[in-house]
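The values are calculated or read from the model by the stated rules, or taken from the named source; none is laboratory data. As the structure is a computational prediction, the values presented were derived from the model and not from experiment. Here Cβ is always computed from backbone atoms with ideal geometry, including for glycine, and neighbour counts include all displayed protein chains.
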Amino acid sequence: MNIDLTTKIGELRFKNPVLTASGTFGYGLIMEEFSDVSLLGGIITKSITLKPKVGNPAPRIVETACGMLNSIGLENRGIDNFLEDILPGIRRFKTNIIASIAGKDEDEYGLLAERLDRQVSAIEVNISCPNVKEGGMSFGQDISSTKRVIKKVRMKTALPVIVKLTPNVTSIEDIAKVSEDNGADAVSLVNTYKGLSIDISSRKPELGSFTGGLSGPAIKPLALYSIWKVAKNIDIPVIGCGGIMNFNDAIEFFMAGASLIEIGSATFREPNAALKILKGIKHFLKTKKIKAIKEIVGTVNEN
Amino acid sequence: MTNIKDYPAIVISNKHIDDNIFLIELLLPGFDGKAEPGQFIMIKIDETYDPFLRRPYSIFECKKEKVKILIKTVGKGSKMIAEKKRKEEMDILGPLGNGFPVDKNNYPILVAGGMGIAPLWFLGRRLTKLRNKFSIIFGEKTTTPLAEEIKKTFGAKVFFVTDDGSRGIKLTASAALPLILDKSPYRKFSIYACGPKGMLKDVINFGSGRNIPVYVSLEEKMACGIGVCLGCSVKRRGTDGFLTVCRDGPVFKGEEVMI
């Protein structure tokens, strides 16, 4: 049986719905040593900023029950380095390359989108990083800033625009709706949940920058709920992520309403996690005699 | 072709060295045994998600498919590893990172603080195999059976120091360096160090003062171990950039990093 795993965001075709989440896969170059990157539906790069960014002080990682807090702080070498040194080396991947961008203000998001126009397959607008002082999550927590950033990006590029949403809001479905109304082609959710961990002997936070973002299986039910709420509220595709560890988790996300998924922290445990999950999805569909992934999207039985 | 893989490893033996120190020998089916002293592995403890992350350990010894690691139980993850019995399984990703470079013309001095002996033990074994002469300075707060193991294997090459004088001289490992160097018939040295950050700083300062190359093996909390999470960054000296311990290291030239 031939299973149709393809899906679309705007006019952009994906050969399968498994993407790798920003910040968990580098730019694909290192990961090539561990898995065949070209078999993925797409890779989403580490977030790119206008100027190089050194990131946050150590420790940047702390493990928590069934998950981890991170506070990397968007360490990256900036857009010039990406376009000149990284992109030429990853164009050969036979998969969609989605550039994640993060700006300090809407003009920076606009400039980044302009520089990336026609260079990559799509842009993921990161308005949800909980670990930077300027910009980041503060955009995604406010309806009018979300609107301003998306409008600016939309003006500067014809590429499909994906907006990555933060779950640290009262109603994520409203932010998703604003994204859709202002020209987003898809939304991806959730970015990490803001969290804290304290070392009781020193009374100090366990992360160098005090707080961090929680990811991993610990957040999966929360993420799934957000995706279900958002998918009901908008018509553009939803990319689901948050603690997906195996094909079973993945299928849950599709049933909740995700058209595509992003694999994040799972890659840290298992460099080959995304491809294993893809294999598991195919096997599940085959066993259940379902011909296309689209057939299960948003099919959770609500009666 | 790289030999980095996720090996389904089996515990061959688990030797209890001290209250909280264990030496575990693992069988990595298909591993070609090619690893450099200073390289490390990432251990996936079991299939549950708590602990969620793998644990990095220096390779202590490695011979064909057999790899040894030295474990000190400090938290949940290390305790679970220490409890592994013969025939139990753990996934091992590795060998990862860069090892210690050996300067052929220099006399190697290995400076280990406590559990920092792990990668240096491997280096010592490698140097022995290469018939290179070398010295080890091994420092502890107070002496433990680990010192006994080191003495058994490396004998007179080891210079013991302790904070409380319970074995060897009452001195810090870094303070013992000039004693060794000044008595030595050799003129050109390389220093290889692993241990607490304070000790590493002192060793780096000593090396730069005497123009001796210093190589340090660093530890940092890490998630992926392969260079994509950027969790284990250390400051690169003289720039405002970072290096990753897992991929750029864990062995660095002393002057490269700010610790």
Number of the exception - B:Asp50 against (1) in a loop (DSSP other than H, G, I, E, B); (2) touching a Pro at 6+ places or on another chain (Cβ under 8 Å); (3) not small (Gly, Ala, Ser): (2)
Only one of B:Arg131, B:Arg126, B:Arg86 that is of a type in the set (D, E, K, R) and crowded, with 18+ Cβ neighbours inside 10 Å: B:Arg126
Matching option when the condition is away from every other protein chain (no Cβ under 14 Å), in contact with a helix residue (DSSP H, G or I) (Cβ under 7 Å, 6 or more places away or on another chain) and buried (at least 16 other Cβ atoms within 10 Å of the Cβ), among B:Val216, B:Val251: B:Val216
Criterion (touching a residue at least 12 places away in the same chain (Cβ under 8 Å), over 17 Å from the mean Cα position of the chain (by Cα) and over 28 Å from A:Pro160 (Cβ atoms)) met by exactly one of A:Asn248, A:Asn233, A:Asn182: A:Asn248
Number of the exception - B:Ala35 against (1) in contact (Cβ under 8 Å) with a residue 60 or more places away in the chain; (2) of a type in the set (Gly, Ala, Ser); (3) within 14 Å of another protein chain (Cβ to nearest Cβ): (3)
Residue within segment B:14-26 that is assigned to a loop (DSSP other than H, G, I, E, B) and aromatic (Phe, Trp, Tyr) present: no
Residues of segment A:32-52 that turn out to be surrounded by fewer than 20 Cβ atoms within 10 Å (Cβ to Cβ) and within 11 Å of chain B (Cβ to nearest Cβ), as a count: 3
Cβ-Cβ under 7 Å pairs, at least 6 apart or on other chains, segment B:230-259 side closer than 20 Å to B:Val203 by Cα and in contact (Cβ under 8 Å) with a residue 40 or more places away in the chain, far side polar (S, T, N, Q) and surrounded by 15 or more Cβ atoms within 10 Å (Cβ to Cβ): B:Gly249/B:Asn98; B:Pro250/B:Ser217; B:Val251/B:Asn98; B:Val251/B:Ser217
One residue from A:Ile281, A:Ile277, A:Ile296, A:Ile263 being more than 25 Å from A:Leu196 (Cβ to Cβ), surrounded by fewer than 21 Cβ atoms within 10 Å (Cβ to Cβ), touching a residue at least 40 places away in the same chain (Cβ under 8 Å) and in contact with a helix residue (DSSP H, G or I) (Cβ under 8 Å, 6 or more places away or on another chain): A:Ile296
Unmet requirement for A:Leu222, which otherwise passes all of (1) buried (at least 22 other Cβ atoms within 10 Å of the Cβ); (2) without any contact (Cβ under 8 Å) to a residue 60 or more places away in the chain: (1)
Those residues of segment B:188-203 which are among the β-branched types (Val, Ile, Thr) and within 14 Å of B:Thr172 (Cβ to Cβ), in sequence order: B:Val203
Qualifying residue in segment A:10-27 (condition: within 14 Å of another protein chain (Cβ to nearest Cβ), more than 19 Å from the chain's Cα centre (by Cα) and hydrophobic (A, V, I, L, M, F, W, C)): no
Residue among B:Ile204, B:Ile180 that is surrounded by 15 or more Cβ atoms within 10 Å (Cβ to Cβ), modelled with pLDDT under 95, in a helix (DSSP H, G or I) and away from chain A (no Cβ under 13 Å): B:Ile180
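So that you can scan it fast, the table gives a plain yes or no per residue for (1) acidic (Asp, Glu); (2) in contact (Cβ under 8 Å) with a residue 60 or more places away in the chain; (3) closer than 20 Å to B:Gly198 by Cβ; (4) not in a strand (DSSP E or B):
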{"residue": "B:Asp103", "(1), (2), (3), (4)": "yes, yes, no, yes"}
{"residue": "B:Leu110", "(1), (2), (3), (4)": "no, yes, yes, no"}
{"residue": "B:Leu120", "(1), (2), (3), (4)": "no, yes, yes, yes"}
{"residue": "B:Thr128", "(1), (2), (3), (4)": "no, no, no, yes"}
{"residue": "B:Ile136", "(1), (2), (3), (4)": "no, no, yes, no"}
{"residue": "B:Thr142", "(1), (2), (3), (4)": "no, no, yes, yes"}
Residue under evaluation B:Glu220, criteria (1) over 19 Å from the mean Cα position of the chain (by Cα); (2) part of a loop (DSSP other than H, G, I, E, B); (3) modelled with pLDDT under 95, criterion not met: (1)
Qualifying positions in segment B:235-246 - more than 20 Å from B:Tyr192 (Cβ to Cβ), within 13 Å of chain A (Cβ to nearest Cβ) and in a loop (DSSP other than H, G, I, E, B): B:Thr239, B:Asp240, B:Gly241
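Rundown of residues vs (1) closer than 29 Å to A:Leu278 by Cα; (2) of a type outside the set (Val, Ile, Thr); (3) modelled with pLDDT under 95, yes/no style:
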residue: A:Val18; (1), (2), (3): yes, no, no
residue: A:Ser22; (1), (2), (3): yes, yes, no
residue: A:Tyr27; (1), (2), (3): yes, yes, no
residue: A:Leu69; (1), (2), (3): yes, yes, no
residue: A:Arg77; (1), (2), (3): no, yes, yes
residue: A:Ala99; (1), (2), (3): yes, yes, no
Segment A:62-89 residues that are touching a residue at least 24 places away in the same chain (Cβ under 8 Å) and within 14 Å of chain B (Cβ to nearest Cβ), paired with ones that are of a type in the set (Phe, Trp, Tyr) and part of a loop (DSSP other than H, G, I, E, B) (beta carbon under 7 Å, 6 or more apart): A:Cys66/B:Tyr49; A:Cys66/B:Phe52; A:Gly67/B:Phe52; A:Met68/B:Phe52; A:Ile86/A:Tyr27
Filter result for the condition that a residue is within 21 Å of B:Leu26 (Cβ to Cβ), surrounded by fewer than 16 Cβ atoms within 10 Å (Cβ to Cβ), hydroxyl-bearing (Ser, Thr, Tyr) and more than 14 Å from every other protein chain (Cβ to nearest Cβ), over B:Thr73, B:Thr48, B:Thr153, B:Thr142: B:Thr153
Residue in segment A:95-118 that is at positive phi and either surrounded by fewer than 17 Cβ atoms within 10 Å (Cβ to Cβ) or more than 9 Å from every other protein chain (Cβ to nearest Cβ) (or both) present: yes
Single unsatisfied condition, B:Ala175 versus (1) within 14 Å of chain A (Cβ to nearest Cβ); (2) free of Cβ contacts under 8 Å to residues at least 40 places away in the same chain; (3) among the small types (Gly, Ala, Ser): (1)
